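Heads up: the structure comes next, in structure tokens.
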Amino acid sequence: MSTATEHNTSTEHADGHADEHHGASDKQYIVIALILAALTAIEVSTYYIDFGPLFMPTLFVLMTVKFIVVASYFMHLKFDNKLFSYLFYTGLILAVLVYAGALSTFKFFLQKG
Amino acid sequence: MADTAISHGHDSGHGAHVTSTGLSNNKMAMWMFLGSECLLFGGLISTYMLYKGRVNSGPQPDQIFDIPFTSVSSFVLLMSSLTMVLAVSAAQRKDDRNTNLWLTITALLGAMFVGGQVYEFTAFYREGLGFTTSLFGSSFYTLTGFHGVHVSVGIIMLMALVGMISRNRIPGNKAEAVEMVGLYWHFVDVVWIVIFTLVYLIPA
């Protein structure tokens, strides 16, 4: 009988034996690293090329994409049990909300706007 | 019915624990730790964002930052995440030789990053930015210094892991031990992704 407390990952076997492979292949990891390197190059290019009003949005989007790609693929959140994602992203979202609220009390965003 | 209340953990095939969630307690603890680390670095980054324009004396951020140099450092740390994940992959294949190889390369790349940070701090100090020169200086050194300490601790963990794997001193699931250190290392990388953008690329 299955229960709600069973949360084996897709790579675990019924006897609880740990997996032989967990995540993407080595080639896929290299491709992901190359994509991350390319995104970093675009980020750095914003220092030399005038992106105009797209400067900040470009940097924020690239930063977010890189963060999620590393967390999802290199940290295996995409392949692991969702509970690990909840633990990590709860901390992350809590941090963003707490400090966005704290900075708001200093009128930080108004000053920058 | 009682046997349905629990299931075997991720590492139970190696004589480790049976957990109520069916997940590895070690892994759960590591993710909770990383979640709490988000709050630590969130505080440090917010403090920097608040104070980066507060320069009563000493150089301004855009006067001292060396973006090409820091970009290379960022690239080195990013590539160390690749070598780390290759080490985890090798550990899952029970390939100790390649695991140790990739772990050592990761540690070397991390050492390059920390070396770059030491060089950067020294250059900034010579240009007149001390820890107490301005609020910008204090918050900058605290944020990047905390990150540098995290990288240094990661290097120690990597080298300790290499030594333990070489001597076959890791009890239980070896792949999981490598994965735990890997999670910490990747976290240090994602924090730098945020710091590089918010501190270096966005001008004060």
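Read-outs throughout are calculated quantities, based only on the coordinates presented, and are distinct from any laboratory measurement. From a predicted model like this one, the values you see are computed outputs, not experimental measurements. Cβ coordinates were reconstructed from backbone atoms using ideal geometry, including for glycine residues, and neighbour counts include every protein chain displayed.
Just a few scattered comments:
- Lysines whose Cα lies under 29 Å from that of A:Lys82, excluding same-chain neighbours fewer than 8 positions away: A:Lys27, A:Lys66, B:Lys27, B:Lys94, B:Lys174
- Every helix of 4 or more DSSP H residues in the protein assembly as shown counts as -39500 (n - 2.57), and over all residues that averages to -23000 deg cm²/dmol at 222 nm.
- Charges were assigned to the Cβ only: +1 to each Lys and Arg, -1 to each Asp and Glu. The resulting dipole of the protein assembly as shown about its Cα centre is roughly 580 debye.
- A simple charge model with +1 on the Cβ of Lys and Arg, -1 on the Cβ of Asp and Glu and nothing else charged puts the dipole of segment B:16-137 at about 280 debye relative to its Cα centre.
- Cα centroid of segment B:143-182 to Cα centroid of segment B:106-122, whole Å: 17 Å
- Most fluctuating residue given options B:Ile155, B:Ile64, B:Ile45, as computed from a GNM of chain B linking Cα atoms under 10 Å: B:Ile64
- Toward the positive end of the charge dipole of chain B, with +1 on the Cβ of Lys and Arg and -1 on the Cβ of Asp and Glu, the farthest Cα among B:Ala90, B:Ala160, B:Thr21 is that of B:Ala160.
- With N the number of residues in the protein assembly as shown, Rg(Cα) / (2.2 N^0.38 Å) evaluates to 1.07.
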